[in-house]
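The values are calculated or read from the model by the stated rules, or taken from the named source; none is laboratory data. Note that the structure is a prediction, hence the values are computed from the model and not measured. Here the Cβ is made from the backbone with ideal geometry for all residues, glycine too, and neighbour counts use every protein chain on show.
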Amino acid sequence: MSFSGRALLFVLLAATFALGGYTDGAAGDEPSARGTDRSSGQDWAGYGRTFGQQHFSPLAQIHRGNTASLGLAWTMDLPLGNTVTQPIAVDGVLYFASGLSIVHAVDAVTGKELWQYDSKVGEVGGLNMRLGWGVRGVAWWNGRIYVGAQDGRLIALDARTGRPVWTTKTFKAEDPAYISGAPRVFDGKVLIGFAGTTGVMRGYVSAYDAETGKLLWRFWTVPGDPAKGFENKAMAFAAKTWSGEWWKFGGGGAVWNSIAYDADSGLVYIGVGSPYPWNHRVRSAGSGDNLFVDSIVALDLKTGEYRWHYQTTPGDTWDFDAAMDIELADLTIEGKPRKVLMQAPKNGFFYVIDRITGELISAEPFVRVTWATKVDKRTGRPVEAPGARYGLDKPARGVAPTALAAHNWMPMAYSRETGLVYIPSVDWAIEYSDPNRPWKDAGDRTVDGGVDMKGGALFGMPAPVGFLLAWSPVTQKEAWRFPYPSYYNGGVLATGGDLVFQGSIDGYFRAFSATTGALAWQFDAKAPILAPPISFEANGQQYVTVLTGLAMGYVMNSTALAGPAIERYGLDPQTQARRVLTFAIGGKASLPPRLVPPPPPEDPHFTPLPAKVTAGAVAYSAHCLNCHGALAVGIGHAPDLRRSALPLDQAAFEQVVRSGALEPRGMPGFAEFSDEKLEDIRHYLRSRAADLRRGAAFPLLGEAPATLDIK
């Protein structure tokens, strides 16, 4: 914990609060009386299964000794759209969201759909659709399903019928924000944040009454305009760590992913995202720690009042979110029992923190880290490496990890059986530099962090390396790792059967020995997998379920820039299989072959003009890359426009892109586009289709494949 955080803890804690202990030594397991999963692991009712978000199932019917009999029990096809949602399972029913926040209820044993609820995001999302990510999860509480729609609505549904019970708006329609994370429900309160990287944004997390939808409290993560006063003492204190006129940018600090809860202490922990803009010089005159961005903040669940914080990257200028999953555990460290929280954020250090006091217990790099030499245990602050910060008078700096690497949103898992954490990890360095350009208008919705970044083989730099890492939080040492042929892979599930499950971009779903890392089982899913799997029990049988398919073009665009053989892995959006796969011992179902991506349409009279190609590439990167992929290589939820006939028809292209003809299907309109910009983008897309036709579609940058032999 930083000294500033420790001081604020004492200033704001006017009274002590009761601190209980987990009697079973299993932090994060809560009895069904509190409305969450049963301690037996039969259900998986929330994103991390338990309040402690461990992504661990104690079920052991499927174990290391019988994986040879593990097979596909049933499958369900899904339409084009986001399929990175983690499902939940309660009383033999699976619930999950796909596409534009469409919620499904499915019989967990047969795969029969019971009901479907469409939140109609495409019809009401407006400017909030410009990133088009969809959501990563839903939640259950006392017979209701909770989902955050991309346009900012929080919706409660009757779990039996799918009918809406209540709806509330979590942010204003004009805010440059969207919901991408799963709601968390703790002791009758629904907590939700939002994401935003396209305009003036000030982060917060809100708590709503699970029965009525009434707003109970809201905690802002960064201070606002001092002239308007501060909401509480925490904001007044945080303002002292900012410089310049930060409030004109909003400051950032979105709570877009991680929230955990300790029922005994009554503390809820939020993972706060990176600042906005990313460039420290732009947003805060290059000065100050900028609380509470890149922080883990402990709040009182009942009131939302601040208790303590720990900041992982003070004065962040690299987009090193601390929004990765926070997981709670009870560990014995140096012979003493400790109630801890653990996080492996983007900055590359694995943190073990006392979850009652906020004291740093340990922090060590779990991937290659060059921006800092260590974390000082006495102060809790990183010791930055000389020259790690870029600036107007400094050349581009090569820094590891990156804004997309170390560990992103795909959840890690903690096993109480092995005492290990399993992290979807990435080793990658890129160059950061200050573009020194005028800051964009407040109404500009393009993604811009005020920084230029480049990396990967296209720039003559090493390609990223991805691997599943087993890590001891007690010793802060690696136990084992499994290398992948691509760097961006799925979320992780650990089980009581000495197994760790993970999907990957190459289309395989694998199980490893949680103890040794030996590959125990693999299944050709014939589609990439990013979604985290779950395990549950129905009719006395254990199942494992995962969704296939990709989404989130903004995050995935660098896969196109740095990953191997896009077409080989079936990443084309139109032919990519989006499915629910459910496995059980004795499963005998099978999948059809992978589809082959269609060729680009013929365009015999087109001649690319270099100036228009360049102008179109700039405009495309500013407005379209987030959903349709870098270099127009479609890999996620939106179509690959190189293979589309739409750019060949000027009138149709204008109707879709500028007039919003396909907004109900998730394609937002860009009414502000001039005729020239519209034509430049169309010209660029036709040139990329021509590249594909002549075999120069994309420089395939294949890394060495992983060893896939089952030991």
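Please go through the stretch 353-395 and pick out each residue that is small (Gly, Ala, Ser), within 27 Å of the chain's Cα centre (by Cα) and within 27 Å of Asn279 (Cβ to Cβ). Walk me through it before giving the result.
Initial filter on the stretch 353-395 (small (Gly, Ala, Ser)): 358, 362-363, 372, 380, 385, 387-388, 391.
Adding the requirement that they be within 27 Å of the chain's Cα centre (by Cα) leaves 358, 362-363, 372, 380, 388.
Matches in the stretch 353-395: Ala363, Ala372, Gly380, Ala388.
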Select from the stretch 178-230 the residues that are surrounded by fewer than 22 Cβ atoms within 10 Å (Cβ to Cβ) and among the β-branched types (Val, Ile, Thr) and write down the one among them that is farthest from Trp409 (Cα to Cα).
Thr212
Can you find, within the stretch 383-399, the residue that is surrounded by the most Cβ atoms within 10 Å (Cβ to Cβ) among those that are touching an Asp or Glu at 6+ places or on another chain (Cβ under 7 Å) and outside any strand (DSSP E or B)?
Tyr390
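Please state which one of Ala177, Ala195, Ala207, Ala182 is under 22 Å from Gly253 (Cα atoms), touching a residue at least 60 places away in the same chain (Cβ under 8 Å) and in contact with a Leu (Cβ under 7 Å, 6 or more places away or on another chain). So that I can check it myself, show each step before the final result.
Details: Ala177 fails: in contact with a Leu (Cβ under 7 Å, 6 or more places away or on another chain); Ala195 fails: in contact with a Leu (Cβ under 7 Å, 6 or more places away or on another chain); Ala182 fails: in contact with a Leu (Cβ under 7 Å, 6 or more places away or on another chain).
That would be Ala207, the only listed residue that is under 22 Å from Gly253 (Cα atoms), touching a residue at least 60 places away in the same chain (Cβ under 8 Å) and in contact with a Leu (Cβ under 7 Å, 6 or more places away or on another chain).
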Being modelled with pLDDT of 90 or more, within 20 Å of Ala329 (Cα to Cα) and buried (at least 20 other Cβ atoms within 10 Å of the Cβ) is the requirement here; does Ala494 meet it?
yes
What are the residue pairs meeting all of these: first residue in the stretch 57-83, first residue more than 17 Å from Leu499 (Cβ to Cβ), second residue among the polar types (S, T, N, Q) and not in a loop (DSSP other than H, G, I, E, B), Cβ atoms under 8 Å, and 6 or more apart or on different chains?
Trp74/Thr582; Thr75/Thr582; Leu78/Ser98; Pro79/Ser98; Gly81/Ser98; Asn82/Ser98; Thr83/Ser98
Of the candidates Gly92, Gly143, the one satisfying the condition of being among the small types (Gly, Ala, Ser), at pLDDT 95 or above, surrounded by fewer than 21 Cβ atoms within 10 Å (Cβ to Cβ) and within 24 Å of Ala584 (Cβ to Cβ) is Gly92
If Val109 meets every condition in (1) out of contact with any Leu (no Cβ under 9 Å at 6 or more places or on another chain); (2) assigned to a strand (DSSP E or B); (3) of a type in the set (A, V, I, L, M, F, W, C) apart from one, which number is that one?
(2)
So if I check each of Pro647, Pro668, Pro639, which one is crowded, with 18+ Cβ neighbours inside 10 Å, assigned to a helix (DSSP H, G or I) and in contact (Cβ under 8 Å) with a residue 24 or more places away in the chain?
Pro647
